[in-house]
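Below is one structure, written out as C-alpha cells, with a few remarks after it.
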C-alpha cells in the first residue's frame, strides 16, 4: 500500500467521498488509487478555479468538506481566487496540492515554487508531509483543521514520493479527525446585548449560520419584540429564503447607502457576522459603516454558537412567537426583458427547494424583492468578491444536494470559469444557468463614477465594454455539451426557465438585457 492509498483511505474514513480535481504528474498515484476506492467520486474539472469553487459550493450546501486535488504551486495559484471566496464563506475545504518528489526539489525544476507561501496567504492551515507513513495522520489533521470551527481552507502538500512510496505497515484503523465544538457565546456580551436591546436604538446584524431558517425566525422575533432593526450581511455564504422565512434587510453594498442605513443606531449586535465595513475605499467616504458612537456588540462571532446566543436572548426577553409575513409569488412578466422583468421571471418560476448560486452582480437589484415569497429555497452569494465563482459554486452545490440549482451568472464573470459547464454536462447535473448578457463590465461603469473618475473617453470606455466582438454565450455553452437557448423577451425567459426545471440535466439560458446597468 502506498501513500496515495493511505490518503484515500483516510478521506473515506472521515466521510469525505468527493474530490474535485485537475491533476498532473505529481498526483498520478492519487488518480490511479481511485480505481481501488469505488465510493470516492473523482470529478474532473478543466481549470483549477472550477475545482476549488466547486468544493466551496459543495461545503456550503452540505456542511461537509470535499477535497480538491491541484498540481503544484501554479495549480494552487490558478485555484486561489475561489479558495479566497471559500475562506470568506468559512467553508471547510481539504485542499490537496501535489508537489515534486522531496529529492527533486533542490534541482529547481520549471514548476518548482514555494507552495507553502501561496497557501499561507489563505490564512488557513497547512502541512507538508514527507513520508508515506505520515500521510494518514497528516490527512486526518488536515480534515480536522478544515472543520475548525469556523470552517477554513486546510492545505496538505503531498510530495510525489510520499504518494508513491510504500507504507512500512498500514495502521490497524485509519485515523478519524475529532470534530471541535462551536465556542459558547460570551456571557458578558450577551448581558450587554440584553441591556442595549431594552434601552437603546439597536439592530441585530446576522450572518453565517444565523441566516438559516430556524435562526432567522429567532432573530426576527427578537427584533420585533424590541423594535430593533433586522439586518443581514451583504454577501452570506448560504441563506434560507422564500415563503414563510423571515427576510431581514440586506446591508446595502454601496457604502454611502449602507452608512445611511445604519446611521441612527446606538448599538449594533452582531451574531455570526463581523463588523460591517465598506467593500472598497472611496474619496471622502468612511471605511467603517457604523456611525461614531455606535456600540458594537459581538455576541457570537464566526465559529461561535449563534443558535445558543439567540436562544438566550429569546428566553431572557420572554419573546413571543412571530407570525411570518404572508405573500404570494409575483405573476410571470411579459414584454421587454430588463433587470426588473428578469428578476420577476426568476421569482415567478422558482420550484420548491431550488438552490441559487448568485453572481448576477449589477443585475441583482430587484432579485431579493422578487423572490421573497417564492417557494422555499436557498441562496449563495459572492462572499469574497473574487469573480468567477458562480458556475463552479453551482456545480458543487448540485453534486452535494442532488437538487436543481440555478446559477445567475453575469457575462463578464462567466468567462472566468466557463469550463464548469463542461463538468456539469459530463456529470449530468441538474443546473439551470441564466447568463445575464449586458455586454459590459457594468459594475465597473458604476465604480468609475463612485471613485470620482470623470473621464469617459472612448479609450477608457472600451476597457469596460464586452461587445467588440459580442460574446456568443449560447454558442460557448453548446460547445461544452450544455443545451442552450437565447431569451430576448420576458415571455421567452419564463418559458425557458420552466422547461429547464422540468428537464433533467443542465441547460443554459442567455438572457439578453439592455447594455450596461440595464
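The values are calculated or read from the model by the stated rules, or taken from the named source; none is laboratory data. This is a predicted model, so every value here is computed, not measured. Note that we place each Cβ from the backbone using ideal geometry, even for glycine, and neighbour counts take in every protein chain shown.
Can you find a residue that is touching a residue at least 40 places away in the same chain (Cβ under 8 Å), assigned to a helix (DSSP H, G or I) and surrounded by 15 or more Cβ atoms within 10 Å (Cβ to Cβ) anywhere in the stretch 174-185?
no
For residues that are within 29 Å of the chain's Cα centre (by Cα) and over 14 Å from residue 216 (Cβ atoms), tally how many sit in the stretch 314-325. Write out each step before concluding.
First, the residues of the stretch 314-325 that are within 29 Å of the chain's Cα centre (by Cα): 324-325.
With over 14 Å from residue 216 (Cβ atoms) added as a condition, the list becomes none.
Within the stretch 314-325, residues that are within 29 Å of the chain's Cα centre (by Cα) and over 14 Å from residue 216 (Cβ atoms) number 0.
Could you list, in sequence order, the residues of the stretch 231-283 that are out of contact with any strand residue (DSSP E or B) (no Cβ under 8 Å at 6 or more places or on another chain) and on the phi > 0 side of the Ramachandran plot?
Of everything in the stretch 231-283, just one residue is out of contact with any strand residue (DSSP E or B) (no Cβ under 8 Å at 6 or more places or on another chain) and on the phi > 0 side of the Ramachandran plot, namely 244.
Would you tally the residues in the stretch 289-302 being surrounded by fewer than 18 Cβ atoms within 10 Å (Cβ to Cβ) and either in contact with a strand residue (DSSP E or B) (Cβ under 6 Å, 6 or more places away or on another chain) or not assigned by TED's automatic domain parsing to the domain that holds residue 233 (or both)?
Total meeting the criteria: 2.
Mind listing whichever residues of the stretch 303-324 are closer than 21 Å to residue 200 by Cα and out of contact with any strand residue (DSSP E or B) (no Cβ under 7 Å at 6 or more places or on another chain)?
In the first step, residues of the stretch 303-324 are kept if they are closer than 21 Å to residue 200 by Cα; the result is 309-320.
311, 312, 313, 314, 315, 316, 317, 318, 319, 320, listed by residue number.
With in contact with a strand residue (DSSP E or B) (Cβ under 8 Å, 6 or more places away or on another chain), modelled with pLDDT of 95 or more, farther than 27 Å from residue 235 by Cα and surrounded by fewer than 22 Cβ atoms within 10 Å (Cβ to Cβ) as the only criterion, which of 116, 98 stands out? Before the answer, list the steps.
On the way: 98 fails: surrounded by fewer than 22 Cβ atoms within 10 Å (Cβ to Cβ).
Among 116, 98, only 116 is in contact with a strand residue (DSSP E or B) (Cβ under 8 Å, 6 or more places away or on another chain), modelled with pLDDT of 95 or more, farther than 27 Å from residue 235 by Cα and surrounded by fewer than 22 Cβ atoms within 10 Å (Cβ to Cβ).
Identify all residues within the stretch 75-89 that are surrounded by 24 or more Cβ atoms within 10 Å (Cβ to Cβ) and more than 19 Å from residue 100 (Cα to Cα); write none if there are none. Explain how you work it out, then say what you get.
The first filter runs over the stretch 75-89 and keeps only residues surrounded by 24 or more Cβ atoms within 10 Å (Cβ to Cβ), leaving 75-76, 79, 82-83, 85-86, 89.
Listed by number, the residues that qualify are 82, 83, 85, 86, 89.
Could you give every pair whose Cβ atoms fall below 8 Å, whose first residue belongs to the stretch 497-510 and is free of Cβ contacts under 8 Å to residues at least 24 places away in the same chain, and whose second residue is outside any loop (DSSP other than H, G, I, E, B) and surrounded by 15 or more Cβ atoms within 10 Å (Cβ to Cβ), counting only separations of at least 6 or pairs across chains?
Going by the 8 Å Cβ cut-off, the qualifying pairs are 499/507.
With the requirement that a residue be closer than 20 Å to residue 94 by Cβ and in contact with a helix residue (DSSP H, G or I) (Cβ under 7 Å, 6 or more places away or on another chain), what does the stretch 108-127 give you?
115, 118, 119, 122, 123, 124, 125, 126, 127
For the stretch 134-147, enumerate the residues that are within 14 Å of residue 102 (Cβ to Cβ) and surrounded by fewer than 19 Cβ atoms within 10 Å (Cβ to Cβ).
Across the stretch 134-147, the qualifying residue is only 134.
Say whether the condition of being over 11 Å from the mean Cα position of the chain (by Cα), farther than 16 Å from residue 435 by Cα, buried (at least 22 other Cβ atoms within 10 Å of the Cβ) and in contact (Cβ under 8 Å) with a residue 24 or more places away in the chain is met by at least one residue in the stretch 353-361. First the steps, then the outcome.
Taking the stretch 353-361 as the starting set, the residues that turn out to be over 11 Å from the mean Cα position of the chain (by Cα) are 353-355, 360-361.
When the remaining residues are screened for being farther than 16 Å from residue 435 by Cα, the result is 353-355.
Adding the requirement that they be buried (at least 22 other Cβ atoms within 10 Å of the Cβ) leaves 354-355.
Next, from what is left, pick out any that are in contact (Cβ under 8 Å) with a residue 24 or more places away in the chain: 354-355.
Yes, the stretch 353-361 contains at least one residue that is over 11 Å from the mean Cα position of the chain (by Cα), farther than 16 Å from residue 435 by Cα, buried (at least 22 other Cβ atoms within 10 Å of the Cβ) and in contact (Cβ under 8 Å) with a residue 24 or more places away in the chain.
Would it be correct to say that residue 194 is in a strand (DSSP E or B) and over 30 Å from residue 26 (Cβ atoms)?
For residue 194, the condition - in a strand (DSSP E or B) and over 30 Å from residue 26 (Cβ atoms) - is not met.
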